[in-house]
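Quick notes on the structure that follows.
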């Protein structure tokens with residue numbers, strides 16, 4: 001089954017079901033288990049379904065772990081990224097802009113996660129139709 005994204009997704013969905021049954025649907029470990037099926041759903045070619053899974057997980061992580069928890073921020077990054085993958089470039093840009101503000105507040109401007117988000121914000125700004133702003137954002141990122 002090596003390299004089989006569909007099989008991986010199905011096996012991970014089975015793990016999620018076990019976690020939900022034993023730990024409950026809102027246990028932090030169950031939330032962690034839910035991240036992987038979203039990833040493998042995208043790898044299996046269904047980005048729209050992956051976006052639904054990430055969005056649902058993001059809502060639950062915000063409620064259970066809080067908006068500033070590192071795992072919440074990670075899920076927000078993936079939600080923003082897949083928003084762009086499904087074709088909503090402006091939506092991805094907007095989400096990355098909001099995420100960037102949160103990460104700068106929580107982690108600081110030079111944290112690796114914040115820098116990764118700054119880059120993504122610049123890229124999606126360009127893809128959303130503003131290549132000049134994207135260039136300027138990337139240029140500002142280089143010295144850091």
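Just so it is clear, none of the values below were taken in a lab; they were calculated from the coordinates. The structure presented is a predicted model; accordingly, all values stated were derived computationally and were not measured. Every residue, glycine among them, receives a Cβ derived from its backbone with ideal geometry; neighbour counts consider all protein chains shown.
Along each principal axis of its Cα atoms, how long is the stretch 1-80 end to end? Whole angstroms, biggest number first, please.
Reported extents, whole Å, longest axis first: 36, 31, 17.
Using only Cα atoms, find the angle between the long axis of helix 89-106 and the longest principal axis of the chain, and express it within 0 to 90 degrees, rounded to the nearest 10.
Once rounded, one gets 90 degrees.
Suppose we look only past 22 Å in the calculated P(r) of the chain. What percent of the Cα-Cα pairs does that tail hold? Intermediate values should be presented prior to the final figure.
Working: 4533 of 10296 pairs.
Roughly 44 percent, once rounded to a whole number.
Taking 8 Å as the Cα distance limit and 6 or more residues as the minimum spacing, I'd like the relative contact order of the stretch 19-107 as a percentage. Please report the intermediate quantities before stating the final value.
Details: 82 pairs, mean separation 17.7, N = 89.
Answer for the stretch 19-107 is 20 percent.
Could you give the radius of gyration (one decimal) and Dmax (whole number) of the Cα atoms in the stretch 68-115, in Å?
Radius of gyration, then largest Cα-Cα span, for the stretch 68-115: 10.5, 30 Å.
If each DSSP helix of 4+ residues adds -39,500 (n - 2.57) and the sum is divided by the residues in the chain, what number results at 222 nm, nearest 500 deg cm²/dmol?
Details: 7 runs with 114 residues, N = 144.
The helix contribution divided over the chain gives -26500 deg cm²/dmol.
How far, in nm, would the chain grow between residue 63 and residue 115 when pulled straight, counting 0.36 nm per residue and subtracting the alpha carbon separation? Write down the numbers at each step before the final one.
Numbers: separation 52, 0.36 × 52 = 18.72 nm, distance 2.55 nm.
Result for the pair: 16.2 nm of gain on full extension.
Using alpha carbons only, how many angstrom separate the centre of the stretch 2-58 from the centre of the stretch 75-100?
For the stretch 2-58 versus the stretch 75-100, the Cα centre distance is 19 Å.
Ranking request for peptides 95-106, 73-84, 5-16: highest mean number of other beta-carbon atoms within 10 Å first, then the rest in descending order.
Values: 95-106: 17.8, 73-84: 22.2, 5-16: 15.8.
Averaged packing, sorted descending, gives the order 73-84, 95-106, 5-16.
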